[in-house]
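Reviewing the structure listed below.
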Amino acid sequence: MTDLALRPGDAFLVTDLQYDFLPGGALAVPDGDGVIAPINALVKRFQRAGAHVLLTQDWHPPGHSSFASSHEGKYPFEQIEMPYGPQILWPDHCVQGTRGAEIARNLEADCAELVIRKGYNRAIDSYSAFREADRETMTGLAGYLRERGITRLFSAGLALDFCVFWTACDAVEAGFDSIVVTDACRAIDIDGSREKTMQVMREKGVAFCDTGDLLGNG
Ligand code: VGL
Ligand code: ZN
């Protein structure tokens, strides 16, 4: 069992709490706003422990290659082959500078030290906060964490089976302890993707906990 006492070498990464992933948004994750209360409580808890709070922001240029509208005759949630592999096509979402791309105002995370933007290369999607979907282009997050002495990354937010999943797996691969706060995430869940990605995370050595495990701890 993972030791869940929080310490200064821990970081809490809040993934993509943006209007387009929340109810009414262009790519609304079912019950997405259910994560806001637990995440707000967790942010306070990490801050109290002298740990770090980091955010990600999906941030696509207009006409991004992950948008179905950029591919003639294609519809959202269809899959196509990109030079780097299969890509699910999405409705236009999180377009740079639009309200849908804004981080939700009811996320109480003014203390966040870093916002990693991802998906800004027109031809490459990026679910992971560590590297883009070509699996080569790095975002700099691993270097940031190392330089700041962070060894353990807790993840929460949207969506569990896409951005949280890839980030949590890449964290393990980059040598960090990687823990997903499951109840503070929601999934898009396309064709059983929630269960599939949970299984892969278990196999790769991602650990799991619930918000209550962390709040009840100091
Ligand atoms: C995401 C689909 C497309 C996510 C981002 O944040 O999980 N999902 N872009
Ligand atoms: Zn996106």
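The values are calculated or read from the model by the stated rules, or taken from the named source; none is laboratory data. The model shown is predicted, which means the values in this text are computed figures rather than measured ones. Quick reminder, even Gly has a Cβ in these numbers, built from the backbone with ideal geometry, and neighbours come from all protein chains shown.
Can you name every residue in segment 25-61 that is surrounded by fewer than 16 Cβ atoms within 10 Å (Cβ to Cβ) and more than 21 Å from the chain's Cα centre (by Cα)? Hits for segment 25-61 are Arg48, Gly50.
Candidates are the residues of segment 191-218 that are free of Cβ contacts under 8 Å to residues at least 60 places away in the same chain and part of a loop (DSSP other than H, G, I, E, B); the one that is nearest to Asp161 (Cα to Cα) is Gly192. Among the residues of segment 138-160, how many are assigned to a loop (DSSP other than H, G, I, E, B), within 16 Å of ligand 1 (Cβ to nearest atom) and polar (S, T, N, Q)? Of the residues in that region, 1 qualify.
Just the residues that are surrounded by 13 or more Cβ atoms within 10 Å (Cβ to Cβ), of a type outside the set (Lys, Arg) and either on the phi > 0 side of the Ramachandran plot or assigned to a loop (DSSP other than H, G, I, E, B) (or both), please, taken from segment 109-122. Selection gives Ala109, Ala112, Gly119, Tyr120, Asn121.
With the structure loaded, tell me whether Ala129 is assigned to a loop (DSSP other than H, G, I, E, B) and modelled with pLDDT of 95 or more or whether it fails that test. When the stated conditions are applied, Ala129 passes them. Scanning segment 15-44 for residues that are more than 10 Å from ligand 1 (Cβ to nearest atom), in contact with a Leu (Cβ under 7 Å, 6 or more places away or on another chain) and charged (D, E, K, R) yields a count of 1. Can you find a residue in segment 9-30 that is under 17 Å from Asp110 (Cβ atoms), of a type in the set (Val, Ile, Thr) and out of contact with any helix residue (DSSP H, G or I) (no Cβ under 8 Å at 6 or more places or on another chain)? No, every residue in segment 9-30 fails to be under 17 Å from Asp110 (Cβ atoms), of a type in the set (Val, Ile, Thr) and out of contact with any helix residue (DSSP H, G or I) (no Cβ under 8 Å at 6 or more places or on another chain).
Conditions tested, residue by residue: (1) within 15 Å of ligand 2 (Cβ to nearest atom); (2) in contact with a strand residue (DSSP E or B) (Cβ under 8 Å, 6 or more places away or on another chain); (3) among the β-branched types (Val, Ile, Thr).
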site	(1), (2), (3)
Lys74	no, yes, no
Glu78	no, yes, no
Gln87	yes, yes, no
Asp92	yes, yes, no
Gln96	yes, yes, no
Gly100	yes, yes, no
Glu108	no, no, no
Leu114	no, yes, no
Lys118	yes, yes, no
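When Val172 is tested against (1) within 11 Å of ligand 1 (Cβ to nearest atom); (2) in contact with a Gly (Cβ under 6 Å, 6 or more places away or on another chain), just one condition goes unmet, and that condition is (1). The condition of being over 20 Å from Val53 (Cβ atoms) and among the polar types (S, T, N, Q) holds for Thr98. Is it true that Gln47 is within 16 Å of ligand 1 (Cβ to nearest atom) and of a type in the set (S, T, N, Q)? Criteria not met by Gln47.
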